[in-house]
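Scroll down for the structure; my scribbles are underneath it.
The values are calculated or read from the model by the stated rules, or taken from the named source; none is laboratory data. This structure is a prediction, so every number in the text was calculated from the model and none was measured. For the accessible areas, the whole protein counts, side chains as well, though only heavy atoms, and no ligand, DNA or RNA atoms are used. Shrake-Rupley method; radii C 1.70, N 1.55, O 1.52, S 1.80 Å.
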Amino acid sequence: MSEAESTLYVRLGGQEGIAAIVDDIWDNHVSNPAIKQRYAASDPDNVKRLVREFFGAGIGGPETYTGDDMLTAHKGMNISDKEFVAVVDDVLSALDKNSVGQKERDEVLCILYSMKGDIVHV
């Protein structure tokens, strides 16, 4: 299988690569003034586990996601467009830190924006 044919999961480094990206996303979120208050009462280990599961399962990995669907998870939080963009920026920054290529960044960006309707103002 060529690199172009491999899953996004494989191209991001599998379980180990995704774990490193998720750790960096968490660090970015909890230090980002626009959204850090959203994570203040969260259990970091649980949040990171759920993100690893969700992301891995969604991009071709063997993980099974055990959390709520995006709409249920975000219902009543009234997340703003500004907060959504802050999250996306944090994710892109984590991808940069982990030397993720442009093709993969674009794929992740598409995935994030495909979920926006289940996250923002719900």
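Considering only region 13-27, state which residues are open to solvent by 40 Å² or more (accessible area, probe 1.4 Å) and more than 17 Å from PHE84 (Cα to Cα).
GLY13, GLN15, GLU16, ASP23 - these are the residues of region 13-27 that are open to solvent by 40 Å² or more (accessible area, probe 1.4 Å) and more than 17 Å from PHE84 (Cα to Cα).
Here are some residues: VAL30, VAL10, VAL51. Which one is β-branched (Val, Ile, Thr) and open to solvent by 80 Å² or more (accessible area, probe 1.4 Å)?
VAL10
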